[in-house]
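The next block holds one structure in the form of structure tokens; read it before the comments.
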Amino acid sequence: MAALLAVDLGVRTGFACYGEDGRLRWYRSQNFGAAARLRRAIPALLSNPDDLTRVVIEGGGPLAQPWRAEAERRGVLVQRVSAEEWRSLFLLPREQQSGPQAKEVAGRLARRVIEWSGAPRPTSLRHDAAEAILIGLWGALSAGWLRALPPSLLR
């Protein structure tokens with residue numbers, strides 16, 4: 001098996017892990033409180049899952065480089081994606097007119113991905129975890145792990 005880790009990068013980071021079957025395994029959000037704490041956590045974060053072959057990161061700047069360096073050191077393929085790129089695949093233009101609106105729609109779609117994948121349902125779903133779920137879905141499509149969006153995720 002192979003796994004893909006999607007990261008919505010920031011001090012409050014969203015994570016989503018996909019299997020090679022294109023289905024979501026798990027997701028979560030973590031507030032590191034400081035960039036230095038996040039940088040120190042990267043090796044441990046890349047150790048789970050142990051079958052990690054790909055990392056897809058949305059975000060950049062000084063936080064992206066340590067992710068890329070550690071992943072490449074481990075032989076893990078790294079892709080960067082912009083919010084505009086993955087959102088254009090899943091959201092209609094009218095749903096992207098404001099950040100809060102895009103986050104709300106992403107949350108609804110992420111819940112459908114969770115249900116389709118059979119992943120545990122959240123009691124609450126933070127927007128960074130929801131966005132990581134969609135970043136990971138974009139990554140699974142980009143990697144060819146899914147040929148197309150599952151019909152239950154289409155509008």
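Every read-out reported here was derived from the displayed coordinates using simple, explicitly stated rules and does not represent laboratory data. Computed from a predicted structure; not experimentally measured. Here the Cβ is made from the backbone with ideal geometry for all residues, glycine too, and neighbour counts use every protein chain on show.
Divided by 2.2 N^0.38 Å, where N counts the residues, the Cα radius of gyration of the range 86-155 comes to 1.05. Charge tally for GLY118 (other residues, Cβ to Cβ under 14 Å; Lys, Arg +1; Asp, Glu -1): +3. So for the chain: antiparallel DSSP bridges make up what percent, rounded to the nearest 5? Of those bridges, close to 55 percent are antiparallel.
For ARG73 and ARG12, a Förster radius of 22 Å and the Cβ-Cβ distance give a FRET efficiency of 0.30, rounded to the nearest 0.05.
The charge dipole of the chain, taken about its Cα centre with unit charges on the Cβ of Lys, Arg, Asp and Glu (plus for the first two, minus for the last two), comes to roughly 260 debye. Would you work out which of LEU137, VAL105, SER117 lies farthest towards the positive end of the dipole of the chain? Charges go on Cβ: Lys and Arg +1, Asp and Glu -1. Going by the Cα projections, it comes out as VAL105.
Helix-only arithmetic for the chain: the sum of -39500 (n - 2.57) across DSSP H runs with n ≥ 4, divided by the residue total, places the mean residue ellipticity at 222 nm at -13500 deg cm²/dmol. The gain in end-to-end length when the ASN48 to LEU153 segment is fully stretched comes to 35.1 nm, 0.36 nm per residue minus the alpha carbon separation.
Working note: Debye formula, equal point scatterers on the alpha-carbon atoms of the chain, no solvent; log10 I(q)/I(0) at q = 0.14, 0.19 Å⁻¹ is -0.62, -1.19.
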